[in-house]
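First comes the structure, then the notes that go with it.
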Amino acid sequence: MTDVLDGKAPIVAVTDRASDAAGRAPAASAAAAAPATQLITPRAVHRHRERSAAGAVAARLGGPALIVAIWWVATATGLLTPDVLASPAQVGAAAVELWTNGQLPQALAVSLARAGGGLAIGVSIGLLLGLIAGSTRSGDAIFDSAMQTLRALPFLALVPLFMVWFGIGETARIALVAVATTFPMYVSASGAVRATDAKLLEAASVFGLSRWATARQIILPGALPGLFSGLRLSATLSIIALIAAEEINALAGLGYLMSEALNYSRTDILTVCILIYGAFGLIADTLIRGLERLATPWLRRKGARR
Amino acid sequence: MTDVLDGKAPIVAVTDRASDAAGRAPAASAAAAAPATQLITPRAVHRHRERSAAGAVAARLGGPALIVAIWWVATATGLLTPDVLASPAQVGAAAVELWTNGQLPQALAVSLARAGGGLAIGVSIGLLLGLIAGSTRSGDAIFDSAMQTLRALPFLALVPLFMVWFGIGETARIALVAVATTFPMYVSASGAVRATDAKLLEAASVFGLSRWATARQIILPGALPGLFSGLRLSATLSIIALIAAEEINALAGLGYLMSEALNYSRTDILTVCILIYGAFGLIADTLIRGLERLATPWLRRKGARR
Amino acid sequence: MTAVVTDSANTATADTDRGNTDRARPDTAKTDRAKPAVWLRDVDKRFGDRVILDRVGLQISRGEFVALLGASGSGKTTLLRMLAGLDSADAGQLLVPRARTVVFQEPRLLPAQRVLANVTIGMRGRDVVDTARKALTEVGLAAHERAWPVTLSGGEAQRVALARALVRSPELLLLDEPFAALDALTRLKMQDLVADLCVRHGPAVLLVTHDVDEALRLADRIIVLRDGHFIRDHRGIRAGDGPTRADLLDALGVHAAG
Amino acid sequence: MTAVVTDSANTATADTDRGNTDRARPDTAKTDRAKPAVWLRDVDKRFGDRVILDRVGLQISRGEFVALLGASGSGKTTLLRMLAGLDSADAGQLLVPRARTVVFQEPRLLPAQRVLANVTIGMRGRDVVDTARKALTEVGLAAHERAWPVTLSGGEAQRVALARALVRSPELLLLDEPFAALDALTRLKMQDLVADLCVRHGPAVLLVTHDVDEALRLADRIIVLRDGHFIRDHRGIRAGDGPTRADLLDALGVHAAG
Amino acid sequence: ATGLVGCAAASADSGDAASITVRIPDPGNSGSLALGKKDGSLDKALAAVGAKVAWTGTAGAFAPAALSLNAGELDVATGSITSAVMALGQTPSFELFAAAAPDDNGEGILVKDGSGIESITDLVGKKVAVWHGSTSEYLLLKALEQAGLADDSVERVYLQPAQSAAVFHSGKVDAWATWSSFSITERASQDEHFLVTGKQIGSQNYSVLAVRNDFADQHPAVVAALYDYIHAKDLDRIADPEPYLNVFRTSGADALDAAGVQIAADDTRAAHPLQAIGAQQLADFAEVAKFYADRGITDGTVDVAAHVLDVTTLKG
Ligand SMILES: Nc1ncnc2c1ncn2[C@@H]1O[C@H](COP(=O)(O)OP(=O)(O)OP(=O)(O)O)[C@@H](O)[C@H]1O
Ligand SMILES: Nc1ncnc2c1ncn2[C@@H]1O[C@H](COP(=O)(O)OP(=O)(O)OP(=O)(O)O)[C@@H](O)[C@H]1O
Ligand SMILES: [Mg+2]
Ligand SMILES: [Mg+2]
């Protein structure tokens, strides 16, 4: 949230305090009033302006609000007809309908469990393999090219295979989500670990840190921003994989609801599902951002620069 | 490719040269032969061992080879029946069949053009928006939460919308790939840019670098590793999106070939398609790795540490 | 010890021979010494509870060379950063010229640019590269022109940072311990380069240093910062009526040594 | 100027009062001075075409305090890094003790750890934190125990790096310009701390410095590196039969100054 | 009727004997099995032969269901003969054991009201949404054949069935060949009508039931009981469709609104019950197989008869 390039930072001189000019004011009396010739007040170019918590939330709600507004205008003006995307009013009605007949609560619970379970498994595997491949030569040799190959196999094409291996039950769905989320985490984690500051690794080796301590105290903290962006990408992909997974013989879940909506041309229900997916994504994203802030206290020192 | 944690680095003392001990050898004659008491030869813990180009390629082929071997064993032992996954021999035959009847070359050309075009568009947009959102406060305010919301909408669910907006032709397919690949690039780019070294940004502002020069000379080089890992994730996603895209009224392309294969239960052709997707991914990955090495010469100085 | 670092704007002398700048030549820039180049009033700076600057005021004239002494952690860098526009004051007024250049306490070279590009950073014009080459020669790093910063030794990196400042012609030059990582000989050479730059362009200079001899050798005026206040402000050093080395060490708390 | 930095193993004295270590007390560690702690033969080091070390040999005894002088870019840091096991030699043999500690030319603090954790890094045991607190007090940073490294001033960071070395009891202590960023008073205090550590644990010390006075003050032996060779090797400095300040400056190329 | 009798007789010992599990795709919100699932009558019918049902997820199209049958993940699946012919072209591990005659009014080619398309001939040069090798492509080709038009006189636009509606509504295609799953809602809620129905073009698109080979071999009685049950329910459903619509829900995606219920009930009254596969059916299947072979959709003519089970002999 740092403004790097904006020139519009505020003027530095904060308070023009009524000054007791005695003693500490510049000695030359001619200059006791600020000399106006060509001099400027320096502007702090690169500063952290902390938004209030409420302000930050409001700013982050701007994007979704804008998108909803565009959608509302598009449906109100007929740019989007209800056969394509339902209007906010229709969607509201559909949401109420699904909520009261119990389908939506059930679908939410089921889908959240699947996405969460798959994500947890996938992210753990990706993180572990990524840490190993990024930090050890043998790990790199063993895992990396295999992971890159597997990653290149598109999971959507593997759905039939998954049904065969894991059956058409819950296992296959969770496995699909897990596989889809493993790779972004792996790529981010191994990349972030490889980018660890070599100077700090030297220091670690000199001070006799064990492998484990080096991983925990140096590699991990340095890689955290990368790990969190991997987590965010994985969270998004978990939802895409969930849709594919819930088209496999599902009886419940948002993906099932969505494919049913498509089968019966219920664009209002379809839109409810899309919005819920969007909300899932946003909430996950916000949670991960919060987590990241908590996990990296040293990155948010005000005015820190060394 | 740096070995961070392996203890197995080689001994430092490279050559025990026949020495003219006169003058430069340690003065104490008793110590002219190496004193054996408790002293050790220090080992360079953290060093870049450059593999030969051929060795590097061989190492990277190990993973794919392993996977093919597992597949071969699984089909040979009957763990995977041909209904599920064809054996390497069957797949070879199918590939030859498809190649000679001209379907495969055509499909390859068509799909590559689609994936490449979509990827180029998506990555450019993601990069641009990511750079802006990562480096300017106003960009962050405008784009970030909107992008995060859009990113959370699963593109698989939006396929019908794409057809309505972009028609059922090539445009919709390329647009779908573009949208799918925009977001990983955006997340990686904005994250990498936000992580730009604040000290260097201060230096840039002090030395009067323009916004554009700061972006080009400081932000971009620093963000390159992140950008490349975004590119790799985007390349993977472009293939997944391609599969979904080629279900839209496709008459050619790998996705078409694959859905045909599914309709006709031709697991041999299905497997050919999966393998080609895998090969696509691997080749893209290797190319991007090479590009990354070329683009970041300062990151591969031997023994560099400051 | 002659120095030919020319600024990029000075195209007329860009290809003249080494040594044509004479340290004794009359300096036009010094004519308007009376006008201030830095002007502070009632400036406060705090980090949490700690008061780093406590309502300080300061005026530096054009062409004046001021050395700033103070214990480690007393706030010298913080003051410099405020003048550079990198930190903000909590209260008070600051005025500085538009053209400022900083040599940071660490080299802060761009890792993705070779040494030469690091010197020319942010400059435009036809002669920039020539000027930068000359500056690199002056700091003894002509051979390292195409090296990556990551391969430089500590002192080499510091000299590149110095060259980066020398090719500019600022109205205010802010130097944060620019010679700390240099050996005695190199240090003398670099001090001469800075002195020479001052003679030719007459910027106001604020030099942070821990070396009292260096301050006495280079500066017109020496300020000592302690507990948020300027506890000493000696003028006319070069004219000869300044404090002694022992006086200054005393102000810094070193009583035994001389 | 008393110092109570104890190593983590020395649990018996961990909670005794300040000042109980006496610089004059008999030093057991110095009894086996004759045995070498560092042993080099025919060591070569090149970067590309440049020869940094040209078949050098060197032997440092246990408990010996060696100062290494040399111009900027002469290869001092490179030699230190080889002894630390961070760079490899192109040819020749090196032998060093197992327990080594380095104070790098830059502080190299872990940004994700607070100051105290940066001092205790890699150490285990019950008294580690107490020892580290004492070391921080000694370097004058008790108040910064919970600060993040990113908020430290240049000299403060260097002192934390020093504290990190002081809490260990290595057989070989490698110091790369550890006092460069410190003001005169703080520098004297820190030099005393290092001297004190040497008295108590008697490690072999290799100190890289640009300050000839510092070398004369602290070292038993002074080596000057130039063009890949050790061009001077003065022993018995503290015994009084060493070179003069002028001699050494001369070896470093400074002829005018004295 | 035999099935209902059987279940009544066996209700006493239904508790302990249910050792066989038959896996069937979930029937959704309407149809004979849906009601059977809800009112428990199916459980009773199966309990009589010592079996119980395990509902798997909705199978959707037949192609993935066939994969699941092959992989031993499913025991019974339902689909259309057109997709079954495609799946039987490979090495199937399932057999067909029952069929319902084509849905006369529920399938056909949809066009928009007032689109100006009045006959198949008007489709020439227009775009029609179909899906590869499925019922919809069959219907279109059949209609073209009947009108004496070449297969490529219209442009076939291949779209996932579930994605076709939006494309059709937005006018990107001019017609949509589809079946009852989609057509009922479409006809109920949109200004659309069938240009031709299946009946008008002589569709032979039976709906069929398939059972995994191994399952049929091991538990013929269960297959027979299942057939009997569905057959009886179908007769009842055709006589009185309403209870078989919106069985579980009157709201939600798979629930029909009033207009939908009306149309679905009308269609059902004209539909045919599930029956054992006899000579008539086999002849029609062979024609479909030939139709596919003629167009090169399958490699050679698929011998459907080789994969058919005579359920009337399975009284084991
Ligand atoms: N961002 C920050 N947050 C909290 N404290 C800070 C921050 N930056 C600096 N400080 C503190 O302010 C004090 C002054 O720092 P400054 O860098 O100005 O010292 P200095 O005089 O330059 O010292 P040195 O000679 O060691 O470089 C130090 O004690 C430092 O710890
Ligand atoms: N990785 C590298 N690649 C190429 N040259 C290097 C590399 N590392 C160091 N050098 C060069 O080797 C020389 C010696 O470097 P070193 O850091 O040992 O110098 P030093 O004596 O410590 O100097 P200083 O006093 O400035 O710190 C320098 O000229 C430096 O540019
Ligand atoms: Mg400072
Ligand atoms: Mg050095």
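The values are calculated or read from the model by the stated rules, or taken from the named source; none is laboratory data. The model shown is predicted, which means the values in this text are computed figures rather than measured ones. Because the Cβ atoms are built from the backbone with ideal geometry, glycine has one as well, and the counts that use them run over all protein chains shown. Protein only, heavy atoms only, side chains kept; ligands, DNA and RNA dropped before computing areas. Shrake-Rupley method; radii C 1.70, N 1.55, O 1.52, S 1.80 Å.
To keep it simple, each residue is scored yes or no on (1) within 16 Å of ligand 1 (Cβ to nearest atom); (2) among the charged types (D, E, K, R).
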{"site": "D:47", "(1), (2)": "no, no"}
{"site": "D:50", "(1), (2)": "no, yes"}
{"site": "D:76", "(1), (2)": "no, yes"}
{"site": "D:80", "(1), (2)": "no, no"}
{"site": "D:111", "(1), (2)": "yes, no"}
{"site": "D:124", "(1), (2)": "no, yes"}
{"site": "D:129", "(1), (2)": "no, no"}
{"site": "D:138", "(1), (2)": "no, yes"}
{"site": "D:156", "(1), (2)": "yes, yes"}
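Going by the structure shown, is residue D:161 within 16 Å of ligand 2 (Cβ to nearest atom), in a loop (DSSP other than H, G, I, E, B) and of a type outside the set (Phe, Trp, Tyr)?
Working: within 16 Å of ligand 2 (Cβ to nearest atom): yes; in a loop (DSSP other than H, G, I, E, B): no; of a type outside the set (Phe, Trp, Tyr): yes.
No, not satisfied.
Spot the failing condition for residue B:194; the list is (1) without any contact (Cβ under 8 Å) to a residue 40 or more places away in the chain; (2) open to solvent by 10 Å² or more (accessible area, probe 1.4 Å); (3) at the interface with chain A (Cβ under 10 Å from one of its Cβ atoms), and only one is missed.
Result: residue B:194 passes all but (1).
Within the range C:185-207, does at least one residue satisfy the condition of being modelled with pLDDT of 95 or more, open to solvent by less than 20 Å² (accessible area, probe 1.4 Å) and within 16 Å of ligand 1 (Cβ to nearest atom)?
Yes, there is a match, as at least one residue in the range C:185-207 is modelled with pLDDT of 95 or more, open to solvent by less than 20 Å² (accessible area, probe 1.4 Å) and within 16 Å of ligand 1 (Cβ to nearest atom).
Identify, from the list C:67, C:99, C:147, the residue that is under 18 Å from the mean Cα position of the chain (by Cα), under 24 Å from residue D:180 (Cβ atoms) and of a type in the set (A, V, I, L, M). Don't jump to the end; show me each part of the working.
Numbers: C:99 fails: under 24 Å from residue D:180 (Cβ atoms); C:147 fails: under 18 Å from the mean Cα position of the chain (by Cα).
Testing whether each residue is under 18 Å from the mean Cα position of the chain (by Cα), under 24 Å from residue D:180 (Cβ atoms) and of a type in the set (A, V, I, L, M) leaves just C:67.
Considering only the range C:161-174, I want to know if a residue exists there that is in contact (Cβ under 8 Å) with a residue 40 or more places away in the chain and within 16 Å of ligand 1 (Cβ to nearest atom).
First pass over the range C:161-174, keeping only residues in contact (Cβ under 8 Å) with a residue 40 or more places away in the chain: C:161-174.
Applying the additional criterion that residues be within 16 Å of ligand 1 (Cβ to nearest atom) yields C:161, C:174.
For the range C:161-174, residues in contact (Cβ under 8 Å) with a residue 40 or more places away in the chain and within 16 Å of ligand 1 (Cβ to nearest atom): present.
Taking the options D:181, D:246, D:215, D:195, name whichever one is within 16 Å of ligand 3 (Cβ to nearest atom) and either under 20 Å from residue D:140 (Cβ atoms) or not in a loop (DSSP other than H, G, I, E, B) (or both). Give the steps one after another, and end with the answer.
Working: D:246 fails: within 16 Å of ligand 3 (Cβ to nearest atom); D:215 fails: within 16 Å of ligand 3 (Cβ to nearest atom); D:195 fails: within 16 Å of ligand 3 (Cβ to nearest atom).
D:181 is the lone residue from the list that is within 16 Å of ligand 3 (Cβ to nearest atom) and either under 20 Å from residue D:140 (Cβ atoms) or not in a loop (DSSP other than H, G, I, E, B) (or both).
Just name the residue that is farthest from residue A:230 (Cα to Cα) out of those in the range B:197-225 that are charged (D, E, K, R) and more than 7 Å from every other protein chain (Cβ to nearest Cβ). First the steps, then the outcome.
Initial filter on the range B:197-225 (charged (D, E, K, R)): B:197, B:199, B:202, B:211, B:216.
Now narrow it down to the ones that are more than 7 Å from every other protein chain (Cβ to nearest Cβ): B:197, B:216.
On the way: B:197: 20, B:216: 25 Å.
Per the stated criteria, the residue is B:216.
Is it the case that the range E:243-251 has a residue that's over 24 Å from residue E:23 (Cα atoms) and not β-branched (Val, Ile, Thr)?
Of all residues in the range E:243-251, those over 24 Å from residue E:23 (Cα atoms) come to E:243, E:250-251.
Then drop every residue that is not not β-branched (Val, Ile, Thr), which leaves E:243, E:251.
Yes, some residue in the range E:243-251 is over 24 Å from residue E:23 (Cα atoms) and not β-branched (Val, Ile, Thr).
Quick check on the range D:112-129. Is at least one of its residues assigned to a loop (DSSP other than H, G, I, E, B), within 16 Å of ligand 4 (Cβ to nearest atom) and not hydroxyl-bearing (Ser, Thr, Tyr)?
Taking the range D:112-129 as the starting set, the residues that turn out to be assigned to a loop (DSSP other than H, G, I, E, B) are D:112-114, D:121-127.
In the following step, the residues that additionally are within 16 Å of ligand 4 (Cβ to nearest atom) were identified as none.
Within the range D:112-129, not a single residue is assigned to a loop (DSSP other than H, G, I, E, B), within 16 Å of ligand 4 (Cβ to nearest atom) and not hydroxyl-bearing (Ser, Thr, Tyr).
Could you please let me know if residue D:102 is in contact (Cβ under 8 Å) with a residue 12 or more places away in the chain, within 16 Å of ligand 4 (Cβ to nearest atom) and part of a strand (DSSP E or B)? Spell out the reasoning first.
Details: in contact (Cβ under 8 Å) with a residue 12 or more places away in the chain: yes; within 16 Å of ligand 4 (Cβ to nearest atom): yes; part of a strand (DSSP E or B): yes.
So residue D:102 fits the description; yes.
To keep it simple, each residue is scored yes or no on (1) under 17 Å from residue B:204 (Cβ atoms); (2) surrounded by fewer than 24 Cβ atoms within 10 Å (Cβ to Cβ); (3) small (Gly, Ala, Ser); (4) away from ligand 3 (no atom under 16 Å from the Cβ).
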{"site": "C:111", "(1), (2), (3), (4)": "yes, yes, no, yes"}
{"site": "C:124", "(1), (2), (3), (4)": "yes, yes, no, yes"}
{"site": "C:127", "(1), (2), (3), (4)": "no, yes, no, yes"}
{"site": "C:133", "(1), (2), (3), (4)": "no, yes, no, yes"}
{"site": "C:137", "(1), (2), (3), (4)": "no, yes, no, yes"}
{"site": "C:142", "(1), (2), (3), (4)": "no, yes, yes, yes"}
{"site": "C:146", "(1), (2), (3), (4)": "no, yes, no, yes"}
{"site": "C:149", "(1), (2), (3), (4)": "yes, no, no, yes"}
{"site": "C:155", "(1), (2), (3), (4)": "no, no, yes, yes"}
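Can you work out which of the residues in the range C:198-212 that are touching a residue at least 40 places away in the same chain (Cβ under 8 Å) and closer than 20 Å to residue C:75 by Cβ is nearest to ligand 3 (Cβ to nearest atom)?
Step one: of the range C:198-212, the residues touching a residue at least 40 places away in the same chain (Cβ under 8 Å) are C:198-210, C:212.
Going one step further and asking which of them are closer than 20 Å to residue C:75 by Cβ, we end up with C:204-210, C:212.
Working: C:204: 20, C:205: 17, C:206: 13, C:207: 12, C:208: 6, C:209: 10, C:210: 9, C:212: 16 Å.
Across the range C:198-212, the extreme among qualifying residues is C:208.
If I ask for residues that are open to solvent by 20 Å² or more (accessible area, probe 1.4 Å) and either among the hydroxyl-bearing types (Ser, Thr, Tyr) or under 15 Å from residue C:221 (Cβ atoms) (or both), which ones from the range C:40-61 would you list?
So in the range C:40-61, the residues open to solvent by 20 Å² or more (accessible area, probe 1.4 Å) come out as C:41, C:46-51, C:54-55, C:59, C:61.
Hits for the range C:40-61 are C:59, C:61.
Pick from the range A:132-176 the residues that are at the interface with chain B (Cβ under 8 Å from one of its Cβ atoms) and of a type in the set (Lys, Arg): which of them is least open to solvent (accessible area, probe 1.4 Å)?
Filtering first and then ranking leaves A:151.
Scan the range A:262-281 and give yes if some residue there is of a type in the set (Asp, Glu) and either within 7 Å of another protein chain (Cβ to nearest Cβ) or within 16 Å of ligand 3 (Cβ to nearest atom) (or both), otherwise no.
Taking the range A:262-281 first, the residues of a type in the set (Asp, Glu) are A:268.
Checking the rest, the ones that are also either within 7 Å of another protein chain (Cβ to nearest Cβ) or within 16 Å of ligand 3 (Cβ to nearest atom) (or both) come to none.
Among the residues of the range A:262-281, not one is of a type in the set (Asp, Glu) and either within 7 Å of another protein chain (Cβ to nearest Cβ) or within 16 Å of ligand 3 (Cβ to nearest atom) (or both), which makes the answer no.
Considering the range D:151-171 alone, what residues qualify as being among the aliphatic types (A, V, I, L, M), away from chain C (no Cβ under 12 Å) and more than 16 Å from ligand 4 (Cβ to nearest atom)? Please lay out each step first, then the result.
From the range D:151-171, those among the aliphatic types (A, V, I, L, M) are D:152, D:157, D:160-163, D:165-167; that's our starting set.
Filter again for away from chain C (no Cβ under 12 Å), leaving D:161, D:163, D:165-167.
Of everything in the range D:151-171, those that are among the aliphatic types (A, V, I, L, M), away from chain C (no Cβ under 12 Å) and more than 16 Å from ligand 4 (Cβ to nearest atom) turn out to be D:163, D:165, D:166, D:167.
For the range A:230-247, does any single residue satisfy the condition of being more than 7 Å from every other protein chain (Cβ to nearest Cβ), modelled with pLDDT of 85 or more and more than 25 Å from the chain's Cα centre (by Cα)?
no
Quick check on the range C:77-99. Is at least one of its residues touching a strand residue (DSSP E or B) at 6+ places or on another chain (Cβ under 6 Å), within 14 Å of chain D (Cβ to nearest Cβ) and open to solvent by 30 Å² or more (accessible area, probe 1.4 Å)?
Checking the range C:77-99: not a single residue is touching a strand residue (DSSP E or B) at 6+ places or on another chain (Cβ under 6 Å), within 14 Å of chain D (Cβ to nearest Cβ) and open to solvent by 30 Å² or more (accessible area, probe 1.4 Å).
Would you pick out the residues in the range D:157-176 that are away from ligand 3 (no atom under 16 Å from the Cβ) and not aliphatic (A, V, I, L, M)?
Those that are away from ligand 3 (no atom under 16 Å from the Cβ) and not aliphatic (A, V, I, L, M): D:164, D:168, D:169, D:170, D:171, D:176.
Yes/no matrix, rows are residues, columns are (1) assigned to a loop (DSSP other than H, G, I, E, B); (2) out of contact with any Ser or Thr (no Cβ under 7 Å at 6 or more places or on another chain); (3) at pLDDT below 90; (4) hydroxyl-bearing (Ser, Thr, Tyr):
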{"residue": "E:229", "(1), (2), (3), (4)": "no, yes, no, yes"}
{"residue": "E:253", "(1), (2), (3), (4)": "yes, yes, yes, no"}
{"residue": "E:262", "(1), (2), (3), (4)": "no, yes, no, no"}
{"residue": "E:265", "(1), (2), (3), (4)": "no, yes, no, no"}
{"residue": "E:280", "(1), (2), (3), (4)": "no, yes, no, no"}
{"residue": "E:287", "(1), (2), (3), (4)": "no, yes, no, no"}
{"residue": "E:292", "(1), (2), (3), (4)": "no, no, yes, yes"}
{"residue": "E:297", "(1), (2), (3), (4)": "yes, yes, yes, no"}
